[in-house]
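Notes follow once the structure below has been shown.
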Amino acid sequence: MAKKDDNNVSALRVIVYGEPSVKTIVPKHGEFEGKEVPLLTFKAFHPVTSQDDSGSLKHESTWYTVDCFLDGATYLKDHLKDGMVLFVSGAVKTSQYKSKDGEDKESLTIVAYKISLDLLQKGLKGFSFTRPPKQTKE
């Protein structure tokens with residue numbers, strides 16, 4: 001279960017849906033205002049299973065768009081796969097829109113500041129890691 005604090009989510013377990021994409025954007029405000037930055041974006045869902053009053057299991061999911069501006073986001077595009085389990089931390093943004101049927105709808109986006117791989121998930125066949133060089137004080 002995710003911990004929520006002022007629209008922030010910590011360690012929300014999601015499952016990647018479809019293929020991620022990367023595009024270049026130029027933010028209008030914030031830390032990267034006016035600068036070209038890569039944006040990794042993908043769809044994901046957080047599955048929830050609950051039991052109703054009759055004891056039947058009820059399966060529901062909350063769907064998110066995950067946006068990530070962090071260093072390495074472009075690298076992640078080639079490594080994230082449909083069905084992969086991740087933990088995402090970031091700020092949750094809600095947008096309102098009208099569906100084609102004219103219904104009021106809501107979409108959820110997590111602006112991720114951390115994406116972690118669940119190393120215990122089924123289907124994971126390996127990973128590699130190279131220790132970064134030690135930083136020296138000058």
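None of the figures in this text is laboratory data; all of them are computed from the coordinates on show. Being a predicted model, the structure only gives us computed values, none of them experimental.
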### For region 39-122, share of DSSP beta bridges that run antiparallel, in % to the nearest 5
85
### Task
With mean projected area of the Cα convex hull in nm² defined as stated, name the option among [x] 10.3; [y] 8.4; [z] 13.3 computed from the structure displayed.
[z]
### Task
For LYS114, list the aspartates and glutamates whose Cα falls under 16 Å from its own Cα; do not include residues on the same chain fewer than 8 positions away.
ASP5, ASP67, ASP71
### Task
Quick one: among ASP71, ASP101, ASP52, which has the greatest mean-square fluctuation in a GNM of the chain with alpha-carbon springs under 10 angstrom?
ASP101
### Query
Using θ = phi - 60° and the Karplus curve 6.51 cos²θ - 1.76 cosθ + 1.60, what whole-Hz ³J(HN,Hα) does each residue of region 72-79 get, with Gly and Pro shown as x?
x, 4, 5, 4, 4, 3, 7, 10
### Query
Can you give me the relative contact order of the chain as a percent, contacts being Cα pairs under 8 Å and 6 or more apart?
24
### Query
Which entries in LYS58/LYS100; LYS58/LYS122; LYS35/LYS134; LYS43/LYS100; LYS43/LYS105 show an alpha-carbon gap greater than 26 Å?
LYS58/LYS100; LYS35/LYS134
### Query
With the contact rule set at Cα under 8 Å and sequence spacing of 6 or more, what percent relative contact order holds for region 72-138?
30
### Message
I want to verify a result. In a Gaussian network model of the chain, Cα cutoff 10 Å, which of these has the top mean-square fluctuation: ASP118, ASP104, ASP53?
### Response
ASP53
### Message
Through the Karplus equation 6.51 cos²θ - 1.76 cosθ + 1.60, θ set to phi - 60°, convert the phi angles of region 115-122 into ³J(HN,Hα) values in whole Hz; use x for Gly and Pro.
### Response
10, 10, 8, 7, 6, 9, 6, 5
